[in-house]
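The values are calculated or read from the model by the stated rules, or taken from the named source; none is laboratory data. As the structure is a computational prediction, the values presented were derived from the model and not from experiment. Cβ sites come from the backbone with ideal geometry, for glycine too, and all protein chains shown count toward neighbours.
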Amino acid sequence: MDADREQPESPPPPGRRPWLLRLLRRRWLQTVVRTRRVARVPASVATSGWGAFVEWFGRLEISENAVLLGFAVAIGAAGGLGVAAFYKLIDVAYVVFFRWPLEQIGSGPFLLYRPLLTGLGICAAWWVMKRFGRGHEGLNVPDVQLAVARRGGDIPTRPALARTTASAITLGAGGSAGSEGPVAVLGSTIGSFLGRAFRFDAGRVRVLVAAGAAAGISAAFNAPLAGAFFALEEILGSFAVAAFPPVVVASVVGAVVSHSFFGNHPAFPVPTEYGYTLTREIFAFYPVLGVLAGVMAALFVRTYFRLETMARRSTVPAAVMPVLGGIAVGALVLGSGGLLVGSGHLSIPLDLFGRLPWFTLLLLALGKILATSITLNTGGSGGVFTPALYVGAATGGAFGAALASLFPNLPLSPEAYALVGMGAVVAASTHAPITGILIVFEMTNDYQIMLPLMLTTVVAYLIARRLEPDSLYSGWLRRRGEVLEQGADRDVLAGQLVADAYDPNPQVIGESATVPQLLERLQQGAQTDFPVVDRELRLVGVVTITDLVRLAAEPPEATAPLIAADIAIPVDPVTPQDSLLDAVRRMGVRGAASLPVVDPENGRLLGLLGRAHVLALYERAVAGAEAGSRGTGGG
């Protein structure tokens with residue numbers, strides 16, 4: 001028996017794990033289990049302590065406005081500090097990938113290595129997202145929009161921090177991307193974290209998320225108005241009165257905090273002399289710039305998503321794609337003499353855009369579109385707002401330079417066209433016209449530029465929408481099966497069907513009804529539109545209450561020969577399977593209060609859909625979403 005006990009300690013057969021490794025592994029696992037048990041005690045104490053504090057805070061019965069404004073101040077300060085830390089991280093990455101190698105190998109050989117260094121930087125950014133961001137492809141402005149509309153403002157903290165780090169590496173390594181996306185996401189994450197930590201309901205969390213985005217944009221661009229309206233226009237998708245005060249407060253606080261780090265000056269150096277000197281320029285040249293800016297914005301959107309599709313279908317290994325993309329971007333930047341990305345987080349040399357030839361500026365605009373599309377679709381991280389500003393400045397500058405060469409006797413300023421082009425392309429490519437106008441105004445602080453800026457921006461926005469329905473934000477969502485083009489309101493309507501809202505028993509009129517019979521409807525209920533049907537109940541048209549009032553004012557002998565079929569107005573009906581969003585659009589086209597609902601197969605009338613029905617279903621859907629968010633801990 002003793003010999004049997006000692007047998008397991010004899011050397012194991014070949015191919016089996018040595019007994020010493022098994023023993024060490026068993027002891028290590030026991031240590032880990034004990035450590036976790038010990039760690040649970042203070043964690044549970046901390047959790048229970050925080051829960052008690054949150055309950056105490058909830059019992060204070062502080063007013064809604066006071067709570068939101070107080071948290072807005074905290075979020076604004078944290079957002080401003082976060083932007084300062086983000087910019088410092090970009091500068092560190094720039095030193096690592098460019099300044100230090102330049103000092104070591106000299107300027108001559110460095111030019112040959114620059115594309116490779118950009119490739120390594122984008123690869124590092126891709127690795128950060130894969131390792132620490134759990135492979136999350138979102139955590140950009142569209143994803144924040146989705147979180148507000150679908151998840152009650154719930155934004156995961158760790159992937160968001162990983163996205164911020166990856167964006168800093170991308171920008172510092174010479175990738176073509178914007179800083180507005182990361183700072184907006186960082187601010188939104190702060191708002192989401194605080195809202196969830198204090199167990200607020202989904203409505204409050206959404207407002208705090210928007211306040212965080214406003215603080216980030218405001219601190220990054222020194223543009224509190226643009227930051228606030230960006231959050232309302234893009235993140236919330238509405239200008240709700242209740243959300244306005246906390247969003248504005250957070251935006252202002254974020255700008256004040258950033259002033260202590262960067263000073264009170266525009267995010268990009270603005271030329272000292274610019275402006276239009278001829279009033280006729282506004283109507284003669286700037287609308288043409290609006291058309292060009294709209295075309296360029298549509299080209300930006302299409303190129304960006306075309307390259308996304310190509311990258312998804314590519315058979316190149318995932319770890320190799322960022323290196324190849326970075327090398328391509330580095331080659332483009334090298335060919336531009338560094339003008340495509342600048343240094344660190346400063347990337348729009350506006351002072352040069354009024355002095356370069358028009359064809360050089362046009363090539364820079366096209367190169368920026370291509371470089372940004374490659375960077376963000378091959379593993380790099382960052383935003384598209386700042387690249388859109390660059391494309392707009394280059395497009396406007398090219399147009400202004402071309403005009404100056406065509407009309408040398410006119411006192412034209414290419415710099416003014418560059419500034420106006422910035423706002424126009426941003427508005428057209430992101431579908432945020434108010435933000436596009438405000439950010440240029442706050443950069444220049446010049447009311448004189450507002451007239452050409454507003455006109456050009458509106459023209460560019462309309463042209464871009466005509467050529468390309470998607471924006472850089474909505475296109476990202478639509479390709480992932482989401483429709484949030486104008487925020488949560490339209491999203492709710494798009495998800496509801498006419499079948500869920502229409503009245504199946506409206507008052508109808510036969511096509512052979514006489515005028516006296518029609519006038520009897522004036523005294524029957526509150527219905528204002530009356531479908532006219534034939535004997536098979538197929539829709540003939542609609543008679544409105546306005547039509548009946550007009551008939552009542554006519555002499556009886558003049559209306560005696562008329563029947564309902566003669567008076568009915570043909571309409572474009574809806575079917576039960578149409579979305580309420582489509583129905584509301586058709587009502588808007590007609591200016592109608594209701595629309596008939598018909599069977600799509602035989603045209604038989606099924607009922608009537610009114611604006612009151614749409615509103616009632618919308619309110620029920622929103623209330624249900626709020627209740628669901630509370631029940632799942634979304635607040």
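Annotations for the structure displayed:
- When Ser251, Ser238 are checked against the criterion of being assigned to a loop (DSSP other than H, G, I, E, B) and not assigned by TED's automatic domain parsing to the domain that holds Thr444, a single residue qualifies: Ser238.
- Considering residues of region 510-531 that are touching a Pro at 6+ places or on another chain (Cβ under 9 Å) and within 28 Å of Ser579 (Cβ to Cβ) only, the residue modelled with the lowest pLDDT: Gln527
- Checklist (1) buried (at least 16 other Cβ atoms within 10 Å of the Cβ); (2) in a loop (DSSP other than H, G, I, E, B) applied to Pro561, failing item: (1)
- Here Ala416 passes the criteria (1) of a type in the set (Gly, Ala, Ser); (2) in a helix (DSSP H, G or I); (3) closer than 20 Å to Leu307 by Cα; (4) at pLDDT below 90 except the one numbered (3).
- Some residue of region 448-456 being at pLDDT below 90, under 21 Å from Phe230 (Cβ atoms) and of a type in the set (Ser, Thr, Tyr): no
- For region 212-227, the condition holds for at least one residue, the condition being that it is aliphatic (A, V, I, L, M) and outside any helix (DSSP H, G or I).
- Residue check, Gly58 surrounded by fewer than 16 Cβ atoms within 10 Å (Cβ to Cβ) and of a type outside the set (A, V, I, L, M): yes
- Some residue of region 333-354 being within 27 Å of Phe221 (Cα to Cα), at pLDDT 90 or above and outside the structural domain of Gly119 (by TED's automatic domain parsing): no
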